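Engineer: So that we are looking at the same thing, I have put the structure below in structure tokens.
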Amino acid sequence: MKVAIASGKGGTGKTTVSAALTSVWNRPVIAVDLDVEAPNLHLFLKPQIVGQQKAHIEVPVADESKCSYCRACAELCQFKAISVFGNVLLTFTDMCHGCGGCLAICPEKALLPGQRELGEILWGQADDNRFLMGRSRIGEAMSPPLMRAVKKKLQVMLHESPADVLIDAPPGVSCPAVNAAMDADVIVLVTEPTPFGLYDLQLAHEAFLPLGKPMGIVINRAGLGEDKVYNFCRSKDLPIWAQIPYDCRIAVAYSHSRIVADVSPQFKALFMGLADKINQAGVIAGTVCHA
Ligand code: SF4
Ligand code: SF4
């Protein structure tokens, strides 16, 4: 079973939940940080990194001596990553999505495959669990290609030894967040009972609903604010799987990069209960047969 832990906005406690769930999961699991622009799951799980590799995307490199300035490449590229002005050919490789279309269409073979570094992929062991993360190169504007590379590595790890997968997804509801959630069997949405929390939960619900996956809510900082988040969950038949109290001990644990489930038996039980709810949703969805 693959579980995506997502949220409509950053700072709701998504990584706190991901780390705690990993620590209480009762089957072999790979914890994956797909929040490649700002990965921080490793700060809590403290994995021993055993391997890493750079990830690249294929971008065009022009050999202008062969170019006839026919403009076919510029007209094809939907991302404006190539422009032709008279007898000048310009490539903007930071905007290239690596589709390879311009290389295929060029009649003069004036475009050759080059590489742009996307970032790096790191993997290792965190206690009994395996760990995998992507980390974007500073200045890299696109995260989905690196996320795809991380997912490819995940397939290799799953092939080596099957396991459940807990994905710390990027925050928000844009392409990277949906990209992380689309392969999941179950989606956990972390929110907080505040106007911002409600607004972003509504967006997240709207974005993820078309994926047709079982979804449940974790309310972090429960007791902090108002009850509109609860009303929204009720109105959309969204089950509340766990409520993490607004408790100073959690803030202290976070500031020391500690896993919240380790703070007290009460918190451990809370996350074990959440794991049960996720597994039940997986059973109903037909993705867990051994819960
Ligand atoms: S398609 Fe090839 S020949 Fe035509 S403008 Fe682009 S690089 Fe030059
Ligand atoms: S590879 Fe695709 S995205 Fe990149 S410049 Fe060529 S056509 Fe544009």
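The values are calculated or read from the model by the stated rules, or taken from the named source; none is laboratory data. Source: prediction; values computed, not measured. Note that we place each Cβ from the backbone using ideal geometry, even for glycine, and neighbour counts take in every protein chain shown. We work out accessible area using only protein heavy atoms, side chains counted, and drop any ligands, DNA or RNA first. Shrake-Rupley method; radii C 1.70, N 1.55, O 1.52, S 1.80 Å.
Engineer: Does Lys46 satisfy the condition of being among the charged types (D, E, K, R), more than 11 Å from ligand 2 (Cβ to nearest atom) and open to solvent by 30 Å² or more (accessible area, probe 1.4 Å)?
Structural biologist: Criteria met by Lys46.
Engineer: Considering only residues of the stretch 6-24 that are outside any helix (DSSP H, G or I) and in contact with a helix residue (DSSP H, G or I) (Cβ under 6 Å, 6 or more places away or on another chain), which is most open to solvent (accessible area, probe 1.4 Å)?
Structural biologist: Checked the stretch 6-24; the qualifying residue most open to solvent (accessible area, probe 1.4 Å) is Lys9.
Engineer: Can Val3 be described as assigned to a strand (DSSP E or B) and either of a type in the set (S, T, N, Q) or open to solvent by 10 Å² or more (accessible area, probe 1.4 Å) (or both)?
Structural biologist: Criteria not met by Val3.
Engineer: Another question, if that's okay. Taking only the stretch 149-194 into account, find how many residues are more than 16 Å from Gly8 (Cα to Cα), in contact (Cβ under 8 Å) with a residue 24 or more places away in the chain and part of a helix (DSSP H, G or I).
Structural biologist: 7
Engineer: Let me ask another. Check off (1) over 17 Å from the mean Cα position of the chain (by Cα); (2) open to solvent by less than 20 Å² (accessible area, probe 1.4 Å) for Ser235 and give me the number that stays unchecked.
Structural biologist: It is condition (2) that Ser235 fails.
Engineer: What number goes with the only condition from (1) touching a Ser or Thr at 6+ places or on another chain (Cβ under 6 Å); (2) under 25 Å from Gln243 (Cα atoms) that Glu108 does not pass?
Structural biologist: Going through (1) touching a Ser or Thr at 6+ places or on another chain (Cβ under 6 Å); (2) under 25 Å from Gln243 (Cα atoms) one by one, Glu108 breaks only (2).
Engineer: Quick check on the stretch 69-86: of everything there that is more than 12 Å from ligand 2 (Cβ to nearest atom) and exposed (fewer than 12 other Cβ atoms within 10 Å of the Cβ), which residue is nearest to Glu37 (Cα to Cα)?
Structural biologist: Only one residue tops the list, namely Phe85.
Engineer: Do we have any residue at all in the stretch 242-256 that's part of a loop (DSSP other than H, G, I, E, B) and touching a Lys or Arg at 6+ places or on another chain (Cβ under 8 Å)?
Structural biologist: Yes - at least one qualifying residue is present in the stretch 242-256.
Engineer: From (1) in contact with a helix residue (DSSP H, G or I) (Cβ under 7 Å, 6 or more places away or on another chain); (2) over 18 Å from Asn26 (Cα atoms); (3) open to solvent by less than 20 Å² (accessible area, probe 1.4 Å), pick out the condition that doesn't hold for Ala204.
Structural biologist: It is condition (1) that Ala204 fails.
Engineer: Count, please, the residues in the stretch 211-222 that happen to be at positive phi and either surrounded by 16 or more Cβ atoms within 10 Å (Cβ to Cβ) or in contact with a Pro (Cβ under 6 Å, 6 or more places away or on another chain) (or both).
Structural biologist: So the count comes out to 1.
Engineer: Counting only residues that are hydroxyl-bearing (Ser, Thr, Tyr) and open to solvent by 100 Å² or more (accessible area, probe 1.4 Å), which one in the stretch 238-256 is farthest from Leu270 (Cα to Cα)?
Structural biologist: Tyr254
Engineer: Hey, another quick one. Working only within the stretch 87-113, note down all residues that are open to solvent by 60 Å² or more (accessible area, probe 1.4 Å) and more than 10 Å from ligand 2 (Cβ to nearest atom).
Structural biologist: Answer for the stretch 87-113, where residues must be open to solvent by 60 Å² or more (accessible area, probe 1.4 Å) and more than 10 Å from ligand 2 (Cβ to nearest atom): Asn87, Val88, Leu90, Asp94, Pro107, Glu108, Lys109, Leu112.
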